[in-house]
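Chemist: My questions all concern the structure below.
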Amino acid sequence: MNFKTIRITLLILILAYIGIDTFLNNQRATDWKRSLRVVIYPINADDSEASANHISQLSVDTFDNINELLEREAKKYNRDISAPIRFSLAAELTSKPPNLPIQRSLLNTMWWSIKLRFWAWKEDNYTGPKAQIKAYALFHDPKTHQVLAHSTGLKKAKIALNNLFASETQHAQNNVVLLHELLHTLGATDKYDLTNGFPHYPEGFANSRLQPLYPQKKAEIMGGRIPLSKTDAKIPASLNHVVIGSKTAIEIGWMK
């Protein structure tokens, strides 16, 4: 057996292992029989004093209302789930994840995903039990960043990159972003128009049977916004204004 054949065989074995491990991890993550282990890794994304101060004051309690929302919504689908997520907080990371490719070709995106996985493995500073999902909280000073780049959640890698505001007054809205991306890692899909952010009807609406249809009172978590009219929608201020729709519930294993 020559060296080229050995390399190809090893590559096939590695890819097979990754594929099987990914499948099993996803099965375990969405059986909801035990709390998901999610580690939050804070990052000073803009190297600002505001972000540094914000990170120094973070605690796991910051994310409590994510569990409250999940427990409340699960009951709608006859799922009695206590503490769906067990959050842990890692020490601040000093390195930043690789940037998304400017040109989103399939090859570029695949290469970025590989680099991201390697970075997440190499820069892991958490010493507790292994995370099932790694959620990176990239904080920005709201005084210099009125609009943040799109956040990303990867199902196969079980990694969520969350662009967040470094402001105590925006904890609630940050948690909406965090939950949206965490659900991506569990298989939930976006339910809004990628060109304008407007929720798709009916799956992206909190109440698609409401008469009149507009304005909606809440947002479907993967729809992202509260539709106010046929052309206008707003970002929910907190998880109190969010629901999990039936299609999303199917995607994350709450119902068939």
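Chemist: Determine which single condition Gln27 fails, assuming it passes every other condition in (1) more than 19 Å from the chain's Cα centre (by Cα); (2) at pLDDT below 90; (3) open to solvent by less than 100 Å² (accessible area, probe 1.4 Å).
Modeler: If we test Gln27 against (1) more than 19 Å from the chain's Cα centre (by Cα); (2) at pLDDT below 90; (3) open to solvent by less than 100 Å² (accessible area, probe 1.4 Å), just (1) comes out false.
Chemist: Taking region 61-80 as the search range and keeping residues that are under 19 Å from Phe165 (Cβ atoms) and hydrophobic (A, V, I, L, M, F, W, C), which one is surrounded by the fewest Cβ atoms within 10 Å (Cβ to Cβ)?
Modeler: Out of the qualifying residues, it is Ile66.
Chemist: Out of Ala188, Ala160, which single residue is at pLDDT 95 or above, assigned to a loop (DSSP other than H, G, I, E, B) and surrounded by 21 or more Cβ atoms within 10 Å (Cβ to Cβ)?
Modeler: Selected residue: Ala188, the only one of Ala188, Ala160 that is at pLDDT 95 or above, assigned to a loop (DSSP other than H, G, I, E, B) and surrounded by 21 or more Cβ atoms within 10 Å (Cβ to Cβ).
Chemist: Tyr192 fails exactly one of the following numbered conditions: (1) closer than 30 Å to Ile250 by Cβ; (2) over 18 Å from the mean Cα position of the chain (by Cα). What is the number of that condition?
Modeler: With (1) closer than 30 Å to Ile250 by Cβ; (2) over 18 Å from the mean Cα position of the chain (by Cα) applied to Tyr192, the lone miss is (2).
Chemist: Follow-up. Is it the case, given these coordinates, that Asn240 is open to solvent by 10 Å² or more (accessible area, probe 1.4 Å), touching a strand residue (DSSP E or B) at 6+ places or on another chain (Cβ under 8 Å) and not in a loop (DSSP other than H, G, I, E, B)?
Modeler: So Asn240 does not fit the description; no.
Chemist: Out of Ala149, Ala137, Ala90, Ala83, I need the residue that is closer than 27 Å to Leu239 by Cα, at pLDDT 95 or above and either out of contact with any Leu (no Cβ under 6 Å at 6 or more places or on another chain) or open to solvent by 20 Å² or more (accessible area, probe 1.4 Å) (or both). Which one?
Modeler: Only one candidate qualifies: Ala90.
Chemist: Which residue out of Leu182, Leu106 is open to solvent by less than 30 Å² (accessible area, probe 1.4 Å) and among the hydrophobic types (A, V, I, L, M, F, W, C)?
Modeler: Matching residue, one of Leu182, Leu106: Leu182.
Chemist: For region 213-237, name all the residues that are in contact with a Phe, Trp or Tyr (Cβ under 7 Å, 6 or more places away or on another chain) and not in a loop (DSSP other than H, G, I, E, B).
Modeler: Within region 213-237, Glu220, Pro227, Ala233 qualify.
Chemist: Let me ask something additional. Mind checking which residues of region 53-85 are out of contact with any helix residue (DSSP H, G or I) (no Cβ under 9 Å at 6 or more places or on another chain) and either of a type in the set (S, T, N, Q) or in a strand (DSSP E or B) (or both)?
Modeler: The answer is Asn53, Ser56, Ser59, Asn67, Asn78.
Chemist: Could you figure out which of (1) touching a residue at least 24 places away in the same chain (Cβ under 8 Å); (2) under 16 Å from Leu100 (Cβ atoms) isn't true of Leu148?
Modeler: For Leu148, the exception is condition (1).
Chemist: Still on this structure: Among residues belonging to region 32-45 that are open to solvent by less than 40 Å² (accessible area, probe 1.4 Å), at pLDDT below 95 and assigned to a loop (DSSP other than H, G, I, E, B), point out the one that is farthest from Tyr77 (Cα to Cα).
Modeler: Ser35
Chemist: Moving to a separate point now. Of all the residues that make up region 191-212, how many are assigned to a loop (DSSP other than H, G, I, E, B), open to solvent by less than 50 Å² (accessible area, probe 1.4 Å) and touching a Phe, Trp or Tyr at 6+ places or on another chain (Cβ under 8 Å)?
Modeler: 3
Chemist: For Thr169, indicate whether it is crowded, with 18+ Cβ neighbours inside 10 Å and of a type in the set (Ser, Thr, Tyr).
Modeler: So Thr169 fails the test.
Chemist: Which condition number in (1) under 24 Å from Ile244 (Cα atoms); (2) of a type in the set (A, V, I, L, M, F, W, C); (3) open to solvent by 50 Å² or more (accessible area, probe 1.4 Å) is the one that Trp121 fails?
Modeler: (1)
Chemist: Could you tell me which of the residues Ser113, Ser95 is open to solvent by less than 50 Å² (accessible area, probe 1.4 Å), under 23 Å from Asp190 (Cα atoms), of a type in the set (Ser, Thr, Tyr) and not in a strand (DSSP E or B)?
Modeler: So the residue among Ser113, Ser95 that is open to solvent by less than 50 Å² (accessible area, probe 1.4 Å), under 23 Å from Asp190 (Cα atoms), of a type in the set (Ser, Thr, Tyr) and not in a strand (DSSP E or B) is Ser113.
The values are calculated or read from the model by the stated rules, or taken from the named source; none is laboratory data. Keep in mind the model is a prediction, meaning the values are calculated, not measured. Positions of Cβ are backbone-derived with ideal geometry, glycine not excepted, and every protein chain shown enters the neighbour counts. Note: accessible area is taken over every heavy atom of the protein model, side chains too, but ligands, DNA and RNA are not part of it. Shrake-Rupley method; radii C 1.70, N 1.55, O 1.52, S 1.80 Å.
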